[in-house]
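Enquirer: Input: one structure, supplied below.
Please treat every number below as a calculation from the coordinates, not as lab data. These figures come from a predicted structure and were not determined experimentally. For neighbour counting, all protein chains shown are included, and Cβ atoms are generated from backbone atoms with ideal geometry for every residue, glycine included.
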Amino acid sequence: MNQIYHVAVTGNDKWEGTKENPFQTISKAAKIAEVGDRVIVHEGTYREWVKPEHKGYSNTKRIVYEAAKGEKVIIKGSEVVKDWTLIEGTVWKAEVDNTVFGDYNPYAEALDGDWLIYPVDYKLHAGDVYLNGKSLYEAADFEELKNPRMRTNGYAAPWTNHPEPLLHPEDSVYQWMAQVGEKTTVIYANFQDQNPNEECIEINVRKCCFYPEKTGVDYITVRGFEIAQAACPWAPPTADQPGMLGPHWAKGWIIEDNILHDAKCSAISLGKEASTGHNLCTRRHRKPGYQYQMEAVFRAKQIGWDKETIGSHIVRNNIIYDCGQNGIVGHLGCIFSTIENNHIYNIAKKHEYFGYEIAGIKLHAAIDVQIIHNHIHNCSLGTWLDWQAQGTRVSKNLYHANDRDFFIEVTHGPCMVDHNIFASEYSFDNVAEGTAYIHNLCCGTMRKEACLDRATPYHFPHSTDVAGVSLVYSGDDRIYQNIFLGGQTT
C-alpha cells in the first residue's frame, strides 16, 4: 500500500511521519520512501542534504517529494553563523567548528578541474558567504579583503573581444576569505557598513541539497521547493557533475515548479558520474581534455548509457537564478530529456571565474533533447550545446540581455533551432554543422567557424550507439525564414 509521509520543522524523526506526527527532516523520509510513496513537506527552512535512497519503477510508479500546497518550503545547503568579531576597519571574523562540514569542507575545496581557465593567479573555493541572502565575492588575499576595489568587468570568452560587465558592480566590495585549520575554519568578511551581528549571515556547508549519493535512483519527482546555497564544485563534462539538485546518473526524474538560486556552480545537474572520468586532464596532463571526453563517451557505453537506463528527465516551470556556472548542466545524463518553460537568469554574472562550461543551459551529448519555451536573460551565455547535439531541438525560447545568447559547438547534427528570439547584442556562435535555423529573430552578432583540431562522435538516429567520429568542417546548415536585425558577423 502506498504511503504518504509528512515532514515539518516542528516534527520528530522518531515519530511515524503522519500528518499529525510528522518527521522533522526530509532526509528521514528519503531513507524509507518506496515506489509509489509521496513525501509532503510543510512550511519552513530545512538545512540538509536530501539523499533519496530508493527508486521508482516507471513514470506511473515513482516517488514524489513535494512542498505542501500553498506553503513555502526552503532547502538550504548553508548554516547561519553568529558571534562575529570586528578586527580591523570593516573586516569581521567568525570561527566555525569543522564538525559543521562533515567530510566536505568547501573552504578547503578549491574550484578546480578541466576547462576552468580563470583566475590564474589565485584559487577560488566552493565555499560562499551570504549577507541577507546575497552572495559575497571571495578576496584573493587579506590585503584585498581590507581594501577591496569595485570590479566593473569580469572574465569573458577570449574570442568575443569584448568585456562582460558585472550586473551589480557595487556588490563586489563585499568580500570574504577563509583560513582552514585542523579543528576550526575562520571566516573573514568585509561587510562594509553592515554589522553582521544585526544581519542574517549564512555560509554554505553542503555540496548538494537534493542529490542521491548513489547512481541509479530512478523516477523521482521534486516539486514546489525553494532550494539554495549549495557548495557544489566546478562541473565540467570530463568529471563527476554534482549539482545543487539532480538525479546523479539515473532515469526519469521530474523537476518542476521549483525556485533554485545561489548554487556556487550548477543549480540542476543532469550530468555524468565519476567512473567515466574525473578531471583526468587536470590531474594527469597526459592527454588533451577532448581526448578524455571522447573516452568518457565509450566508458559510459560500457556502464549502460542508453535510452532504457539513463536520461528522459523533465525539467519544467522552474525559476533559476544567481548561480556561478549553470542553471542546468549535463553531459551524457541529459539524453532524451525535455527542458521547458523555465525562467533562467543572472547566471555567471558575478564573473568571479571563467571556464569553457558556463551558460544558463550547458549540455554535452544532448541526444534528442528538447529545449522549449524557456526565458533566459542576464546570463554570461544563454544556452551552449557542445558535442553530440543530435536530434536536439531548441524552440520558442526567448533570449535577451545576455552577453551571448546561443552557442552550438563541435556537433554534426541534425539539430533544429526554430522560432527563437535572440535579442542580445551577440546572437550566436556556430562552430558546428548540420543545424537547421528556421523562423528565428536574430538581433545581434553572429560567428561561424569550422573546427579542424579535434574530432567528435556522431550517433545512429535516436540512439547512443556511436556511428563514427569526424572533424567539424562547418556548413551543411539550413537557414530558412529567419529575420536578422543589426549586429555584425565575425
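Enquirer: State the antiparallel share, in %, of DSSP beta bridges confined to the chain, rounding to the nearest 5. It would help to have the intermediate numbers written out before the result.
Expert: Numbers: 35 of 135 bridges.
Here the antiparallel bridges make up roughly 25 percent for the chain.
Enquirer: Calculate the spin-label point distance for Q3 paired with K301, positioning each point 7 Å from the Cα along the beta-carbon direction, and give it in nanometres.
Expert: According to this spin-label approximation, the distance is 4.3 nm.
Enquirer: Among the lysines, which have Cα under 23 Å from the Cα of K448 when same-chain residues fewer than 8 positions away are ignored?
Expert: Straight-line reach from K448, under 23 Å: K362, K396.
Enquirer: Could you pull out every one of the aspartates and glutamates with an alpha carbon less than 18 Å from that of K287, ignoring same-chain neighbours closer than 8 positions?
Expert: D112, D114, E295, D453
Enquirer: Ordered by packing density, taken as the mean number of other Cβ atoms within 10 Å over each peptide's residues, highest first, how do 147-154, 41-48, 70-77 rank?
Expert: On the way: 147-154: 14.0, 41-48: 17.5, 70-77: 19.5.
Highest mean packing first, the order is 70-77, 41-48, 147-154.
Enquirer: Another question, if that's okay. Hey, can you rank 470-483, 236-249 by average C-beta count inside 10 Å, highest first?
Expert: Numbers: 470-483: 13.3, 236-249: 28.6.
Result, highest mean Cβ count within 10 Å first: 236-249, 470-483.
Enquirer: Quick check on the exposure proxy: order L398, L363 from fewest to most C-beta atoms within 10 angstrom.
Expert: Details: L398 17, L363 31.
Taking fewest neighbouring Cβ atoms as first place, the list is L398, L363.
Enquirer: In nm, to one decimal, how far is the modelled label at V80 from the one at A140, with both set 7 Å along Cα→Cβ?
Expert: Rounded to a tenth, the inter-label distance reads 3.6 nm.
Enquirer: Add +1 for every Lys or Arg and -1 for every Asp or Glu among the other residues with Cβ under 14 Å from the Cβ of D171, and state the total.
Expert: Numbers: positive: K134, R149, R151, K349, K350; negative: D128, E138, E170, D193, D262, D322, E352.
After counting each charged neighbour, the total is -2.
Enquirer: Neighbour counts of other C-beta atoms within 10 Å: give me K272, K19 arranged from fewest to most. Let's see the in-between values first.
Expert: Working: K272 32, K19 13.
Placing the least packed residue first, the sequence is K19, K272.
Enquirer: Take V120 and N12, extend 7 Å from each Cα along the Cα→Cβ direction, and tell me the distance between the two endpoints in nm.
Expert: Reported label-point gap for V120 and N12 is 6.1 nm.
Enquirer: Viscosity 0.890 mPa s, temperature 25 °C: what is the translational diffusion coefficient of the range 1-76 from Stokes-Einstein with a Kirkwood Rh over Cα pairs, rounded to a whole number of µm²/s? List each step's numbers first, then the result.
Expert: Working: Rh = 12.3 Å.
Result for D is 200 µm²/s.
Enquirer: Around Y290, what is the net charge, scoring Lys/Arg as +1 and Asp/Glu as -1 over all other residues with Cβ under 9 Å from its Cβ?
Expert: Values: positive: K287, R454; negative: D453.
Local charge sum for Y290: +1.
Enquirer: By count of other Cβ within 10 Å, fewest leading, how are T338, T392 ordered? Display every interim value, and only then the final one.
Expert: On the way: T338 17, T392 24.
Ordered from fewest to most neighbouring Cβ atoms within 10 Å, T338, T392 come out as T338, T392.
Enquirer: Among N98, N197, H412, flag the residue with its Cα farthest along the positive direction of the charge dipole of the chain, charges on Cβ as +1 for Lys/Arg and -1 for Asp/Glu.
Expert: So the residue furthest toward the plus end is H412.
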